[in-house]
Amino acid sequence: MIESLQSQQNSDGGWSYHPGGSSWTEPTVYSILAGYALGDAGGRSKAISWLRSTQQADGGWAPKPRVPQSTWVTALAALIPSQDLGQQEHDRAIRWLLDVTAANATFMARLRAWLSRENSSDPNDGWPWFPGTAAWATPTAIALLALIKENKHHPTRALQDRIAGGQKFLLAHRCTDGGWNHGAVKALGVDAPSYPETTGAALLALSDINSVALKPSIDRAEAWWKDCQSSEGASWLMLGLRAVGRPRSGCPETLRPRTIQDQALCAIASAGDRGIQLFTV
Amino acid sequence: MKHERKQCITRREWIAGAAGTIALSGCSRNQPVDATRPVGPKPVVSVLRAPAYTQDLYDTMRRLLADQRLDVRGKRVVIKPNLVEFDRNTAINTHPLLVHAAFEAFRASGAASVKIAEGPGHRRNTLDLADAAGYFSTVPKFEDAFTDLNLDEISKHSLRLPLSKLRDIYLPNTILGADLVVSMPKMKTHHWVGATLSMKNFFGIVPGGVYGWPKNVLHWSGIDGCIVDLQSVPARTFAIVDGIVGMEGNGPIQGTPKQCGVIVAGRVLPAVDATCARIMGIDPNKVVYLNPPDRPHYNDESLITIAGESLHTVRTDFHLIKEWSELRLA
């Protein structure tokens, strides 16, 4: 696995989603984390140099350097251990995450929702994929992982408030079947089904809350584990289920990683069998 | 003599003529040209019967391209189907057999390259989704022919006279570099815009790698305006709509399959979509994105040349949820 990831590292230090492509932030961070998971530091310093060089002036990261807009991938970069990323770079990333507000969480947006008789009390304290848009499940789950990890080392009221708001958002956007999809629970009043990958990621981000509240989600994640059709989904389910004390071992061999990121995620999830839990410790 | 006299213009006649010209030109300044009225030859929209997903589709597609006189020799063609969910037994995704039939027809027509490309809006694992939707088992060497537009290399593209709030947008190089982009949507109702057809299908060219899953920036920029803006991005477009089995009710995901038995195709996407709307029993005059200001409208049937089946013989009213019941075509 590690040889495969190393061979796909670009000369600038980053990784693409597919072999031969230019470097993107997301697969680069997952590949760095896979290096930690596999106990291999080869290529790490070059990768972290690329990451440090691509941090935006506002403290966030863009999906790739040619897009001059910090987005949700900042949360991923904040998951890199601060002693390697750099304390200053890490702190600026955390500040960026604390400052980001979903477009539907502003006072004006809530007022508009109230005036149009929509549910203006719907918790919207999650994170968007892209600034200026609404909050969704995956960016909220990843931001929560970064802030929960930070709060373990440097607890503050601001972190705890934002974590509570984000977790409230995820619980409010849980599908009727107990899992999570992209973040739309109903479409014109009709229940929408969950997905395995978002169910696993949300479960991981909520693993420190009351387990009774999570029971339907754990049941749904276990059901998805038997019926998952993607390597990405299986990896997130492994991570989520392990975090709530229901570990599953090994990505099913029938599920092929389709991207470099899938390979890295599979390595990160499988490292849980060896006691390495990069997202929660 | 009479004839000669007509050729001579007297001073009185010249002055009268000049005054008339000035008066008319003044009128034309006060009355702007109606930009919603199409100019040029009528677009041809093909409406073909296709009762089922059978091997006959391969011949149907070859005939379709010949009838449309689509010259793709030496061109880079990108086919953009609609892939949404992990399910081959519902009517959510464009059927893989129809996409493969189009793929082979374009190759047989002498295209330099034919690719299939899509960027689903909700699910990230595109290849797994395509596998579950039957694309791997239907299209030989599918992975070699396919590009995930969510994770493709990108370039910034400035929109010309956008209707939405977008001014520029990052788009996949596979789309920007294509000579012809073929939109192959499923004929479906849509809970936000009424119907999703060849124009709305272009939401899938917006890269999730930049904007996320869903591509919520399009909703915040105005869905209807974005539909109009995005369909004008590719250099040349063509549409082939999978209306063999469509989706009615609470589409585009939670609706129910609707047997309709048609393939609708053409070069002018608003004309194709207006025709599809009529077939579905939807009044195109009431679909917002088919009625943009300052863009040609093709909602009047007389503005389109229908090749193949006449619309009244294939009309199959799709069930409309109560929120869209006012769209019903009289």
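Values quoted throughout were computed directly from the atomic coordinates according to the rules given, and no laboratory measurement underlies them. Note that the coordinates shown come from a computational prediction; the quantities given were computed from them, not determined experimentally. Neighbour counts are summed over all protein chains in view; Cβ atoms, including those assigned to glycine, are modelled from backbone coordinates with ideal geometry.
Look at the stretch A:53-65: the mean tally of other chain Cβ atoms within 10 Å of its residues' Cβ atoms is 1. Legend: mean number of C-beta atoms from other chains within 10 angstrom of residue C-beta atoms, peptide A:251-258, equals 2.
Compared with the dominant principal axis of the Cα atoms in chain B, helix B:269-279 is inclined by about 70°. Take each residue of peptide B:146-155, count the partner chain Cβ atoms within 10 Å of its Cβ, and average: the result is 4. Between A:49, A:70, A:31, find the one with the highest GNM mean-square fluctuation for chain A; connect C-alpha pairs within less than 10 Å. Taking springs between Cα atoms under 10 Å, the residue moving most is A:49.
Using Cα atoms only, what is the angle between the long axis of helix B:11-30 and the major principal axis of chain B, expressed in degrees (0 to 90) to the nearest 10? Result, in degrees: 30. With neighbour counts taken as other beta-carbon atoms within 10 Å, the residues B:171, B:127 rank, fewest first, as B:127, B:171.
Computed over chain A with a Gaussian network model linking Cα atoms closer than 10 Å, the most mobile of A:169, A:130, A:107 is A:107. Close amide H partners of residue A:181, meaning residues 5 or more places away or on another chain with modelled amide H under 5 Å apart, are A:175, A:195.
Provide the percentage of antiparallel DSSP beta bridges, counting only those with both residues in the range B:99-238; round to the nearest 5.
Taking every DSSP beta bridge with both residues in the range B:99-238, the antiparallel ones total about 60 percent.
Exposed loop sites here are trypsin sites (Lys or Arg not before Pro) assigned a DSSP state other than H, G, I, E or B and surrounded by at most 16 other beta carbons within 10 Å; excluding them, the longest clear run of chain B is B:237-314. Calculate, for residue B:39 and residue A:191, the FRET efficiency according to 1/(1 + (r/R0)^6) with r their C-beta to C-beta distance and R0 51 Å; round to the nearest 0.05. According to the calculation, E is roughly 0.60.
With both partners inside the protein assembly as shown, how many of the DSSP beta bridges are antiparallel, as a percent to the nearest 5? Given both bridge residues lie in the protein assembly as shown, the antiparallel proportion sits at roughly 60 percent. In this structure the amide hydrogen of residue A:127, modeled in the peptide plane, comes within under 5 Å of the amide hydrogens of A:136, A:140, none closer than 5 places in sequence on its chain.
If R0 equals 22 Å, the separation of the Cβ atoms of residue A:3 and residue A:46 corresponds to a calculated FRET efficiency of about 0.85. Secondary structure note: in chain B, about 50% of the DSSP beta bridges are antiparallel.
On a straight-distance basis, which lysines could pair with residue A:226 in a cross-link, Cα separation under 26 angstrom, same-chain partners fewer than 8 positions away excluded? The reachable lysines, counting only those whose Cα sits under 26 Å from residue A:226, are A:186, A:215. For chain B, the longest principal axis of the alpha carbon atoms and the long axis of helix B:56-67 meet at an angle near 20°. The range A:154-233 and the range B:121-180 have Cα centres spaced 28 Å apart. So what is log10(I(q)/I(0)) for the protein assembly as shown at q = 0.05, 0.06, 0.08, 0.09 1/Å, when the Debye sum runs over its Cα atoms only? For the requested q values the scattering log ratios are -0.25, -0.35, -0.59, -0.74.
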